[in-house]
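The values are calculated or read from the model by the stated rules, or taken from the named source; none is laboratory data. Note that this is a predicted model, so its numbers are computed, not measured. Neighbour counts run over all protein chains shown; Cβ positions are idealised from the backbone, glycine included.
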2 protein chains.
Amino acid sequence: MTLHDVAREAGVSIATASRALNGSARNVRTENASRVRAAAAKLDYRPHPSAQAVARGSTPTVALVVGDVADPYFSAIAAGVTQAAEAAGLVVTMAVAGRSPQRELELVRTLRGQRPRVIVLAGTRIDGTTASTAPKDGRAVDGAAASAAPGDGRAVGGTDTRGALVGELEEYQAAGGRVVMVSQRDLPFDTVTIDNTGGAHRLARALAGAGYRRFAVFRASESVRTSRDRVAGFTAGLRAAGISLDDRFVIETEFTRGGGYEAARKLAERGADEVEIVFAVSDVMAIGAMTAFRDAGLVPGEDIAVAGFDDIDSAIDVTPALTSVAVPLREAGQEAMRLALGGGPAPDAVQISTRVVLRESTPARR
Amino acid sequence: MTLHDVAREAGVSIATASRALNGSARNVRTENASRVRAAAAKLDYRPHPSAQAVARGSTPTVALVVGDVADPYFSAIAAGVTQAAEAAGLVVTMAVAGRSPQRELELVRTLRGQRPRVIVLAGTRIDGTTASTAPKDGRAVDGAAASAAPGDGRAVGGTDTRGALVGELEEYQAAGGRVVMVSQRDLPFDTVTIDNTGGAHRLARALAGAGYRRFAVFRASESVRTSRDRVAGFTAGLRAAGISLDDRFVIETEFTRGGGYEAARKLAERGADEVEIVFAVSDVMAIGAMTAFRDAGLVPGEDIAVAGFDDIDSAIDVTPALTSVAVPLREAGQEAMRLALGGGPAPDAVQISTRVVLRESTPARR
DNA sequence: TTGAAAGCGCTACCAG
DNA sequence: CTGGTAGCGCTTTCAA
């Protein structure tokens, strides 16, 4: 079952057998090649990837680090990466960072040991690698100081674990590995980003076009870049349509279903007559908000319109169906592999575009 | 950066360094051991898993085969497996079979090459490994003929690819590997199953207890074991409560959202006055059904009650919130690892229990 | 306890 | 084009 056996069975040297089975192109006489293949088939030979790895110095694998497999956000990306990787003959090894920067660093270290061809980091949507367990007071040290422009939020991220991570990845890259970040820009690696700003911009214009004038926005904390970008794009879109957003109706809340519920409850409580429509920066928030409105006696889509962002599956399951912006996460994953496999020089970047989907939660006015 | 360097730095032989860092227990003088560890730390040494693998003959990994990462059913299982595996210091490599038995076989072959410690197959919920691409006429040959009792549905499954798969896994197991199947029983491997029958049974009793008497059931094709089990459990539960199910109201449809919609549409069309409540064998079907009822002018939860199975996230996002049976998929994944890691002799089995969750879609009657 | 050395299975360089 | 053969980095007898 080893190459040795195959070679003997085929009556050639082990070197020839190796070449016929794996090595570079046509340097084996066709006849010999087929004898080897026959022998391999007969003996049910399977190459030993680890042995190949130690001999060549790298494994035909792509290491994928996600925050949480069960989160549709990550699993959609994972699906894309897996699909593209398998098409390229690469096996995916997946690790879960659980939104902890330390864990992420640890994993990258371990994974590097496996000598994968590619490392893909599908980070969270929070600034500074992942920030949920990071100190909130901003005194964290950022390892990649040179490029940490003040005010862009990158300073969040735990005492130097971010710097260590970047260092680790840079070494890996210098040694010939490919690194791709999904939705984390500003790092010296290939990057796939999502067009949050543009999508929100177009959504705003579409809603303005549908006749809406008085908007409310439910957004997450400033440190959530995704939220920030979406709000920025949305505001700009409104402005382009000649509409201004009243600060009183921009409500900061959690980036969760509960957050959306809470914000809507508050809004309904203090009287929502002045707003015709709510834009929540994510679908789960929007869905929570719809329930809250209903609980407060307002019928979503009639008394108050609601729009979200992400176009998650349940957007069409709720009543009324939710207007949203579709984010092709799976494509983002595929694109990440394309970047990794395409030869381009390292710090390359592509942006995945998003698409507005109007549904019954935002009926055209009049 | 190799063991060699560490050994030199510590002034010991490479063999000693190996023993100090990885090998079996206390056979190294404590002083030497700590010197080696110090050297390793100083040099930032990272062992090369592939080299270890080729030397020892196995990798500290668990190979996980799922049908589709983006499907919450699989991603929840994957999350559990990953969590437990990481806790045990194992890396997970994931492969996607895309519901094709051939692909699954191919993957197992490839994965075996990696010499993983464990192989976990999270099969589909269809009989015969995966049946979607299998012939429908039942003339398929089943490789594991001996145990293929007629009528238990196992005959479905593509010309011997199932037999080949079993053979492949048996060889692997004989060579010391551990195999665990999730939700596929009747195979000579460790198995984690979901208590579909019991859950459905309890659901039926709970609904009977809430005052319901006239039931309809939306089920999938007979070849979908999950559906079959749930229907069987449900029927038994009703019987236990002294209720019988009218065959006219057992509707076979697709195991999808669209299937649920279609079934409900038909039922509403021919008049649903005779039924008080519909049990759909999955939540997605139930949700589709709710929409269809609404489209037909019936208010779910008022004019007609609806219950599902799985307790997917959106069960609480729909209106009214859906009564369902929670299936702890993540735990199933963890349990799979526990089986694999626990020493028990191979064909062991555990069942994951399910829990009824009553919500507004099935208000108590009167 | 420790070191020397024989592999593990495969690749790739070097002569032929 | 092909066959030796020297590694790849690590584990594990086998003596010492």
Please give the number of the condition A:Arg99 fails out of (1) within 21 Å of B:Leu107 (Cα to Cα); (2) more than 9 Å from DNA strand D (Cβ to nearest atom); (3) out of contact with any helix residue (DSSP H, G or I) (no Cβ under 7 Å at 6 or more places or on another chain). (1)
Taking the stretch B:52-75, which residues are part of a helix (DSSP H, G or I) and either over 24 Å from the mean Cα position of the chain (by Cα) or facing chain A (nearest Cβ under 9 Å) (or both)? B:Gln52, B:Ala53, B:Val54, B:Ala55, B:Arg56, B:Pro72, B:Phe74, B:Ser75
When you scan the stretch A:19-29, do you find a residue that is in contact with a His (Cβ under 9 Å, 6 or more places away or on another chain) and outside the structural domain of A:Gln114 (by TED's automatic domain parsing), even just one? no
Does the stretch B:83-100 include one or more residues that are at the interface with chain A (Cβ under 9 Å from one of its Cβ atoms), part of a helix (DSSP H, G or I) and in contact with a strand residue (DSSP E or B) (Cβ under 8 Å, 6 or more places away or on another chain)? yes
Scanning the stretch A:267-317 for residues that are closer than 19 Å to A:Leu358 by Cβ, among the small types (Gly, Ala, Ser) and away from every other protein chain (no Cβ under 14 Å) gives A:Ala305, A:Ala307
Determine whether the stretch B:16-36 contains at least one residue that is surrounded by 19 or more Cβ atoms within 10 Å (Cβ to Cβ), more than 12 Å from DNA strand D (Cβ to nearest atom), over 20 Å from A:Leu111 (Cα atoms) and aliphatic (A, V, I, L, M). yes
Within the stretch A:328-351, can one find any residue that is outside any helix (DSSP H, G or I), touching a Pro at 6+ places or on another chain (Cβ under 6 Å) and in the same structural domain as A:Pro116 (by TED's automatic domain parsing)? yes
Return a yes/no flag: does the stretch A:4-12 have any residue that is within 12 Å of DNA strand D (Cβ to nearest atom), acidic (Asp, Glu) and not assigned by TED's automatic domain parsing to the domain that holds A:Val180. no
Please find, among B:Arg46, B:Arg56, the residue that is within 14 Å of DNA strand D (Cβ to nearest atom) and touching a helix residue (DSSP H, G or I) at 6+ places or on another chain (Cβ under 8 Å). B:Arg46
State yes or no: is B:Val91 more than 9 Å from DNA strand D (Cβ to nearest atom), crowded, with 20+ Cβ neighbours inside 10 Å and within 30 Å of B:Phe255 (Cβ to Cβ)? no
Quickly run through the stretch A:173-202 and pick out the residues that are surrounded by fewer than 21 Cβ atoms within 10 Å (Cβ to Cβ) and either over 16 Å from the mean Cα position of the chain (by Cα) or among the aliphatic types (A, V, I, L, M) (or both). A:Gln173, A:Ala174, A:Ala175, A:Gly176, A:Gly177, A:Pro188, A:Gly198, A:Arg202
Is there a residue in the stretch A:26-36 that is within 10 Å of chain B (Cβ to nearest Cβ) and among the small types (Gly, Ala, Ser)? no
Consider A:Phe255 carefully, then state whether it is surrounded by 24 or more Cβ atoms within 10 Å (Cβ to Cβ) and among the aromatic types (Phe, Trp, Tyr). no
Any residue in the stretch A:204-214 that is surrounded by fewer than 22 Cβ atoms within 10 Å (Cβ to Cβ), modelled with pLDDT under 95 and of a type outside the set (A, V, I, L, M)? no
